[in-house]
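Rule-based calculations on the coordinates, nothing more; no lab input. In this text, all values refer to a predicted model and were calculated from it rather than measured experimentally. For neighbour counting, all protein chains shown are included, and Cβ atoms are generated from backbone atoms with ideal geometry for every residue, glycine included.
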Amino acid sequence: MFPRLIVGNWKMNVPTTTTNLFVAQLAKRVSANVPVEVVLAPPFPFLSEVGSAVAGTSFTLAAQNVFWEEQGAYTGEVSGAMLKSLGCQYVLIGHSERRKIFGESDDEINKKVKAVLHHDLFPILCVGESLEERDAGQTHHVVRVQTLAGLQGLEKVDVSKVTLAYEPVWAIGTGRAASVDQAEDVHGLVRETLCEQWSLAPQFIRILYGGSVSGENAGVLFQSDQINGALVGKACLDLDAFASIIASTA
Ligand code: PEP
């Protein structure tokens, strides 16, 4: 079993204090006695700065996106090698905002997962259904298709390096988190899918929940052993809220 993983997705935001101060204050609040892995995912231009700030803490660094090519005429894109050189360990892939606003397809997401693994980085593959899909009873179908498509063509050894993040689209940024039952239901499906397709042992599959995780609801969510951590948006730039989410893993 791994320790719980808490990832703070800054999206296109930065803390109101300097990043150095933010990281130092957060580090002070995270008890060394809590076995938890904390990952910060700032926007690209802040990776270097946050990378320096987390050196000497137990935190690690993630990027919010990547392009699958190594180099060339791809204006605006960033490669896995570039992220690696900045000290990233994880890369978020297939976040619903990327799928919806930037039109990322499952095929492109799969290429990104492969590129990240190629550079010895760890992908965090986001999957999740929209409200319309949930209401139409399609949640399992949608999440299964996204999971299988995102991991298509990978060997078992590589799938074991991927963290999945179940993020129902209707829960992201809405203040309406999934219930433990809803999250457990989909985490169970994802776990079963990976066990079936790649014969992975269930305890070695790490699945985060994301969508309006807060200092108030994290403790309840983490009572479930199916929920191996959280991907946190809004609350991750609020020191009190993020520290409280991290502390709730104990
Ligand atoms: C996210 O965007 O990954 C997310 C979970 O956002 P929020 O916590 O704000 O719902």
| request: List every residue pair whose Cβ atoms lie under 7 Å apart, where the two residues are 6 or more positions apart in sequence or sit on different chains, the first residue falls within segment 160-174 and is touching a residue at least 40 places away in the same chain (Cβ under 8 Å), and the second residue, located anywhere, is more than 13 Å from the ligand (Cβ to nearest atom) and part of a loop (DSSP other than H, G, I, E, B). | output: 160/200; 162/151; 168/129; 169/129; 169/130; 170/130
| Which condition does residue 193 not pass, out of (1) more than 11 Å from the ligand (Cβ to nearest atom); (2) under 15 Å from residue 128 (Cβ atoms); (3) touching a residue at least 60 places away in the same chain (Cβ under 8 Å), if it passes all the others? | (3)
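Among 122, 102, which is aromatic (Phe, Trp, Tyr) and within 15 Å of residue 61 (Cβ to Cβ)? Working first, answer last.
Values: 102 fails: within 15 Å of residue 61 (Cβ to Cβ).
Sole residue among the options that is aromatic (Phe, Trp, Tyr) and within 15 Å of residue 61 (Cβ to Cβ): 122.
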| remark: Across (1) part of a loop (DSSP other than H, G, I, E, B); (2) out of contact with any helix residue (DSSP H, G or I) (no Cβ under 7 Å at 6 or more places or on another chain), residue 196 clears everything bar (1)
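Per-residue answers, yes or no, for (1) closer than 30 Å to residue 33 by Cα; (2) of a type in the set (S, T, N, Q); (3) not in a loop (DSSP other than H, G, I, E, B):
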{"position": "140", "(1), (2), (3)": "no, no, yes"}
{"position": "147", "(1), (2), (3)": "no, yes, yes"}
{"position": "154", "(1), (2), (3)": "no, no, no"}
{"position": "174", "(1), (2), (3)": "no, yes, no"}
{"position": "186", "(1), (2), (3)": "no, no, yes"}
{"position": "212", "(1), (2), (3)": "yes, yes, no"}
{"position": "224", "(1), (2), (3)": "yes, yes, no"}
{"position": "231", "(1), (2), (3)": "yes, no, yes"}
{"position": "249", "(1), (2), (3)": "yes, yes, no"}
| field | Among the candidates 21, 92, residue that is buried (at least 19 other Cβ atoms within 10 Å of the Cβ) and either closer than 19 Å to residue 121 by Cα or not acidic (Asp, Glu) (or both) | value | 92
